[in-house]
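Report on one structure; see the data block that follows.
The values are calculated or read from the model by the stated rules, or taken from the named source; none is laboratory data. As the structure is a computational prediction, the values presented were derived from the model and not from experiment. FYI the Cβ positions are ideal-geometry reconstructions off the backbone, even for glycines, and counts take in every protein chain you see. Only protein heavy atoms, including side chains, enter the accessible area calculation; ligands, DNA and RNA are left aside. Shrake-Rupley method; radii C 1.70, N 1.55, O 1.52, S 1.80 Å.
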Amino acid sequence: MDLIPYKPILSTKKYKKKLPPELLQNHSVNVIIRSPNWLGDAIMILPALYQIKKTLPNESKIHIVCQEKLRILWEAVPWIDNVFAFPGKRLNKQNIKKLKKIPNVISFIFPNSFGAAMDFYRCAFPVRIGRAGGLRSWMLTHQLPPKVKCKNNGYAQYHQTSEYLEIVSVLCENSTSFDYPPIKANIDAEKIAGMDICGLRKKKILIIAPGTAYGPAKQWNVEKFAKIAQYWEEKYNGTVIAVGTEKEKEIADSAISLCQNAVNTAGKTSLAELIFLIEICDICLANDSGVMHLAAACNCHGVAIFGSTDPIATGPIGGKWIILHEDVDCAPCFERTCRKSSEKYSCLESISVENAIDAIDFL
């Protein structure tokens, strides 16, 4: 398996119709962004938002509208001016009333859902930019064509972030860059999940994220994670920290079962604390998951395991990463569970412990 740092493939496609330049002549433009609802998808719009930031007049502001679960993520983005987090799945009357008071608005709707477009339509923003389709075109003032999946043998041609950059090309002339400043934790902790942070910094830290919300088809064998964790302790005299959600406590325990001094923080950290731990770690080993995207957004280096999904479309953006992925006949299938009757999960099983060790040592 070749050890080549991952480089996302970017489409240079731009939307030909631009917003009238007079919309930016007001030095206090408010750009309001409807964030995607999933952690990984939200992180993948960061390059597009940074292009907006560089385009706007200095006194303008970027506001994020997101579900409550993503508030901490957006508060960790230093160049975002305001975060408006709402409970539930849709904006209520009180939410909409507050947003209507914001003047000089240009809004972008990144989710392709009907509900996201309806929420901003109800806010009566004068400029509502998003993709057409899904019976929502009439709610947009500026419509880009519906998303078209161009694939080569099942794989995407470009990274998913290209789609978001194309959306903001309505406003941004230079909208073809993946670059953006890393996110930063808004805490300076001395202890996290019972760990002394000062003591942690004295050793090399490996963060492992053995779980994934998607399903088993994206989840590498936990016994292999355990062997990598053991290797890190023995080779580097380092510390291993397992991370994950409350539901992933058990798998995180299994992933550090061969270690002497590893710590399982699954379900014990806030998103802000997880970002802080990622910032101080040396390497992250993760499945294709929200943690992988979060680590990349922190400019962390890492190794990512891809099974049923497509690294061309959703690989990590930020830091230096090695992608471990086997191009088996049935991949990418995007299934949550393997439907093969024999050689189940061959896309994952074909990735060895030695492959991961080589990648970690390479970084």
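Residues considered: Glu343, Glu335. Of these, the only one that is outside any strand (DSSP E or B) and surrounded by fewer than 16 Cβ atoms within 10 Å (Cβ to Cβ) is Glu343.
Of all residues in region 10-33, those that are touching a residue at least 24 places away in the same chain (Cβ under 8 Å) have Cβ atoms under 6 Å from Cβ atoms of residues that are assigned to a strand (DSSP E or B) and open to solvent by 60 Å² or more (accessible area, probe 1.4 Å), 6 or more apart or on another chain, in Asn30/Lys61. Quick check on region 255-273: of everything there that is under 17 Å from Asn221 (Cα atoms) and open to solvent by less than 50 Å² (accessible area, probe 1.4 Å), which residue is nearest to the chain's Cα centre (by Cα)? The selected residue is Ala255. Of all residues in region 37-73, those satisfying the criterion of being touching a residue at least 60 places away in the same chain (Cβ under 8 Å) and farther than 20 Å from Lys13 by Cβ are Asn37, Trp38, Leu39, Gly40, Ile43, Ile72, Leu73. Residues in region 79-93 that are at pLDDT below 95, open to solvent by 40 Å² or more (accessible area, probe 1.4 Å) and not basic (Lys, Arg): Pro87, Gly88, Asn92. For region 158-210, residues that are part of a loop (DSSP other than H, G, I, E, B) and either closer than 30 Å to Ile357 by Cα or in contact with an Asp or Glu (Cβ under 9 Å, 6 or more places away or on another chain) (or both) total 23.
Against the conditions (1) among the hydroxyl-bearing types (Ser, Thr, Tyr); (2) out of contact with any Lys or Arg (no Cβ under 9 Å at 6 or more places or on another chain); (3) surrounded by fewer than 21 Cβ atoms within 10 Å (Cβ to Cβ), Tyr164 satisfies every one except (3). In region 244-263, the residues that are closer than 16 Å to Met195 by Cα and among the charged types (D, E, K, R) never reach a residue that is part of a helix (DSSP H, G or I) and open to solvent by 30 Å² or more (accessible area, probe 1.4 Å) with C-beta atoms less than 6 angstrom apart, at least six apart or across chains.
Listed here are the residues, each with its yes/no results for (1) open to solvent by less than 60 Å² (accessible area, probe 1.4 Å); (2) touching a helix residue (DSSP H, G or I) at 6+ places or on another chain (Cβ under 6 Å); (3) touching a residue at least 12 places away in the same chain (Cβ under 8 Å); (4) not polar (S, T, N, Q).
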site	(1), (2), (3), (4)
Pro111	yes, no, yes, yes
Ile129	yes, no, yes, yes
Ser137	yes, no, no, no
Leu140	yes, no, yes, yes
Gln143	no, yes, yes, no
Asn153	no, no, no, no
Ser169	yes, no, yes, no
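With respect to the conditions (1) in contact (Cβ under 8 Å) with a residue 60 or more places away in the chain; (2) part of a strand (DSSP E or B), Glu273 lacks only one, and its number is (2).
For beta carbons closer than 9 Å, sequence separation of 6+ or different chains, a first residue in region 79-107 that is in contact (Cβ under 8 Å) with a residue 60 or more places away in the chain and more than 16 Å from Val127 (Cα to Cα) and a second that is in a helix (DSSP H, G or I) and of a type in the set (Ser, Thr, Tyr), the qualifying pairs are Trp79/Tyr50. Applying the set (1) in contact with a strand residue (DSSP E or B) (Cβ under 7 Å, 6 or more places away or on another chain); (2) more than 30 Å from Ile323 (Cβ to Cβ) to His27 leaves exactly one unmet item: (1). When Thr55 is tested against (1) more than 30 Å from Thr212 (Cβ to Cβ); (2) out of contact with any Cys (no Cβ under 9 Å at 6 or more places or on another chain); (3) among the hydroxyl-bearing types (Ser, Thr, Tyr), just one condition goes unmet, and that condition is (2).
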